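Nothing in this text is a laboratory measurement; each read-out follows from the coordinates by a stated rule. Quick caveat: nothing in here was measured; it's all calculated off a predicted structure. Neighbour counts run over all protein chains shown; Cβ positions are idealised from the backbone, glycine included.
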Amino acid sequence: MAPKKSKRGRPPMKQGQAKSILIQVRVTPEEAKAIEEQATQSHKPRSEWIRRKLVQPGEPKPPPKPEEPKPQPPANP
């Protein structure tokens, strides 16, 4: 029997580890150049540099919004 071939590509990540939301933003060419330069200077990929500028490590997450009470149907007389 031939050895089992391994699948191509990266193995799947554990639940909750993978980034799943994509946020796109438009910037001017000058802004893009500045972002790229600062990311390079900090030795981080551009996406990681942007993420760290927006959300600081260890920063508490905002509290969840309380659920709004469901409207009660009017009482029948």
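Overall, the chain carries a charge dipole of about 740 debye about its Cα centre when +1 sits on the Cβ of Lys and Arg and -1 on the Cβ of Asp and Glu, all other atoms neutral.
The structure-derived value of Cα extents along the principal axes in Å appears in the list (1) 72, 58, 26; (2) 50, 34, 19; (3) 75, 41, 17 under the label (1). Measuring against 27 Å, Cα to Cα, the residue pairs 19/70; 33/53; 44/65 contain 19/70; 44/65 as the ones spanning a longer distance.
The trypsin sites (Lys or Arg not before Pro) of segment 1-64 that meet both conditions, a loop assignment by DSSP and at most 10 other Cβ atoms within 10 Å of the site Cβ, are 4, 5, 7, 8, 14, 19, 26. For the chain, the longest principal axis of the alpha carbon atoms and the long axis of helix 29-41 meet at an angle near 70°.
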